[in-house]
1. If you check 412, 357, which single one turns out to be modelled with pLDDT under 90, within 22 Å of residue 281 (Cα to Cα) and in a helix (DSSP H, G or I)?
2. When you look at residue 349, is it farther than 26 Å from residue 221 by Cβ, assigned by TED's automatic domain parsing to the domain that holds residue 229 and not in a helix (DSSP H, G or I), yes or no?
3. The conditions are (1) over 23 Å from residue 199 (Cβ atoms); (2) at pLDDT 95 or above; (3) not in a helix (DSSP H, G or I), and residue 95 fails exactly one of them. Which is it?
4. So residue 384 fits all but one of (1) closer than 17 Å to residue 226 by Cα; (2) assigned to a helix (DSSP H, G or I); what number is the exception?
5. Within the set of pairs 6+ apart or on separate chains, which have a first residue in segment 264-283 that is more than 19 Å from residue 229 (Cβ to Cβ), a second that is in a loop (DSSP other than H, G, I, E, B) and modelled with pLDDT of 80 or more, and C-beta atoms under 6 Å apart?
6. Against the definition (touching a helix residue (DSSP H, G or I) at 6+ places or on another chain (Cβ under 9 Å), buried (at least 16 other Cβ atoms within 10 Å of the Cβ) and either outside the structural domain of residue 197 (by TED's automatic domain parsing) or over 23 Å from residue 19 (Cα atoms) (or both)), how does residue 363 come out, yes or no?
7. Is there a residue in segment 236-256 that is part of a helix (DSSP H, G or I) and within 20 Å of residue 351 (Cβ to Cβ)?
8. Is one or more of the residues making up segment 304-327 in contact with a strand residue (DSSP E or B) (Cβ under 9 Å, 6 or more places away or on another chain), in the same structural domain as residue 367 (by TED's automatic domain parsing) and not in a helix (DSSP H, G or I)?
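The values are calculated or read from the model by the stated rules, or taken from the named source; none is laboratory data. Please read these numbers as outputs of a predicted model, since none were measured by experiment. Here the Cβ positions follow ideal geometry from the backbone for every residue, glycine too, while neighbour counts run over all protein chains shown.
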């Protein structure tokens, strides 16, 4: 039987969490690495060791109950310092949904190997993080399933040498800190199976300035939806004339997001149930999904998450702008990646408010600061988060719940979970 562990109580508003997607070769999400700490001061202070900084967070069972939502049912990659492995902390996580990451500074001892063997016996998967071969790691290489390489920390030749050693143990190869599609493609050829980094959300600008006609139609519709002059009746008419949109809307309103007691079968009833604000958001997301039909689904998921996060910030920050403007800010923030064009070129035809335009192109103004905060938080850049919060006069304790709500709301809006 796993040892009994008593979680320490913690204020949920002090759990700062970010997630980074890990992709398969087909760019479908395999899992998320979770980056989290208890309080920004703890995270940013170099004086506090990793075990002290994380232990009260990941031993809190109340918080763990929400991890399935954070990872959308995918694998959760979690770093466990040596002390936590020896205290059997991973047993608080589900073996089915967790990958236990062993850090590069691990000291291989008989006690550690014994504890790891118990975890393997219960079905836990191990990943060796920031791998560099050491002879004393061989016992761990025999029980691990995944080995992670920081591809920015070594030359290509060094990487090939390390990969050759790992292949002897039949380990899945995971490349982390993949920054560009060029790196992604080269790593694929080297035989890597999994890929972690921001390569999927960086624009690869094409030389042609022309947007294909079909996508230009969706882009124009997206522009109209951001215009306050496009009223509820026009949006309802748009949905009713598009069979695909009508079908998806009916699925949406009958999903868990609305928790209706009786199935909604009428399109008119569905439109009335959604309401103007949500209908505008939902149709906008559908247009964005058509624009991104040849891109990883995670890109659209991130766009919706940003939109919901920015909208939430509008309620917390004085002078941030309207909820609708902030939602649009987040939703359009990855258009350059989706269309592989410069943001300025794309927005030239959208006739957006100048402040919104400047925020998306230059990152300036109050809206630009909000977008900067959103990006920093989603990447776990906690020192930047702390500084921007100070500049905005924003209490950072509001952000963890906002992110959790944004992930869930984004999932409901697009995926209909």
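1. On the way: 357 fails: modelled with pLDDT under 90.
The unique qualifying residue is 412.
2. Values: farther than 26 Å from residue 221 by Cβ: no; assigned by TED's automatic domain parsing to the domain that holds residue 229: yes; not in a helix (DSSP H, G or I): yes.
So residue 349 does not fit the description; no.
3. (2)
4. Checking residue 384 against (1) closer than 17 Å to residue 226 by Cα; (2) assigned to a helix (DSSP H, G or I), the one that fails is (1).
5. 264/254; 270/264
6. no
7. The first filter runs over segment 236-256 and keeps only residues part of a helix (DSSP H, G or I), leaving 236-240, 243-253.
When the remaining residues are screened for being within 20 Å of residue 351 (Cβ to Cβ), the result is 238.
Within segment 236-256 (the criterion being part of a helix (DSSP H, G or I) and within 20 Å of residue 351 (Cβ to Cβ)), the answer is yes, since at least one residue qualifies.
8. Taking segment 304-327 and keeping what is in contact with a strand residue (DSSP E or B) (Cβ under 9 Å, 6 or more places away or on another chain), we get none.
Taking every residue of segment 304-327 in turn, none turns out to be in contact with a strand residue (DSSP E or B) (Cβ under 9 Å, 6 or more places away or on another chain), in the same structural domain as residue 367 (by TED's automatic domain parsing) and not in a helix (DSSP H, G or I).
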